[in-house]
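We did not get these values from a lab; they are worked out from the coordinates using the rules stated. Quick caveat, the model's predicted, so the values are computed rather than measured. So basically every Cβ, Gly included, is an ideal-geometry build from the backbone, and we count neighbours across all protein chains shown.
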Amino acid sequence: MQDLSNVTLRPATLADADPLEALSARTIRVRYPDIIGAETVEGYIASGAIAAYYRANVASIIVAECEGVRVGACATKPGRIDLMMVDLDLHRAGIGAVMLDHGETALFRDSDRIVLDCFRDNDQARRFYAKHGWRNGRLFTDQESGIDMIELTKARPVGSPA
């Protein structure tokens with residue numbers, strides 16, 4: 001196992017797309033069938049959408065590494081955490097917290113309130129975000145997938161610089 005006390009973050013490059021796709025597919029395949037259904041998971045992985053996302057959004061992605069190994073990714077868009085993905089074997093090891101803190105800090109430079117979307121039934125993720133100060137927002141159904149979602153929100157901490 002990697003030394004997780006030395007997580008580093010760096011901007012993504014196109015060379016990260018394939019390794020991050022593999023990390024994501026493995027994590028999604030194990031963690032998401034109980035949340036969104038096995039058929040939906042396999043269809044999503046087979047669609048090529050994961051690789052397409054990483055390639056299209058490379059400029060907004062930060063890669064987490066431990067000992068030179070990619071262990072996670074965080075993508076931001078204005079006012080939004082757009083993606084959080086941590087290697088399946090490293091959930092609850094602090095990598096997500098490091099990436100989330102980095103993403104929040106960057107977003108709060110330009111926004112007083114930030115959002116992220118989460119599968120409504122992803123209890124582990126919702127507990128993680130709640131622990132980090134995120135609050136439940138609106139419930140909605142993703143129009144493309146039909147999956148029930150929840151928008152989580154977080155306000156810039158009082159006294160935090162803009």
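One table, with the values for the structure above:
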quantity	calculated
Correct option for Rg and Dmax of the Cα atoms in Å [calculated from the coordinates] among [x] 17.8, 55; [y] 14.6, 44; [z] 15.4, 46	[z]
Label-point separation in nm, Thr8 to Arg92, each point 7 Å along Cα→Cβ	2.9 nm
Length gained when the stretch Thr105-Arg138 is fully extended (0.36 nm per residue, less Cα-Cα span)	9.6 nm
FRET efficiency estimate (nearest 0.05) - Cβ-Cβ, Val158 to Arg26, R0 41 angstrom	0.55
Amide N proximity, the stretch 12-37 versus Arg55 label position 7 Å along Cα-to-Cβ, cut-off under 14 Å	14-22
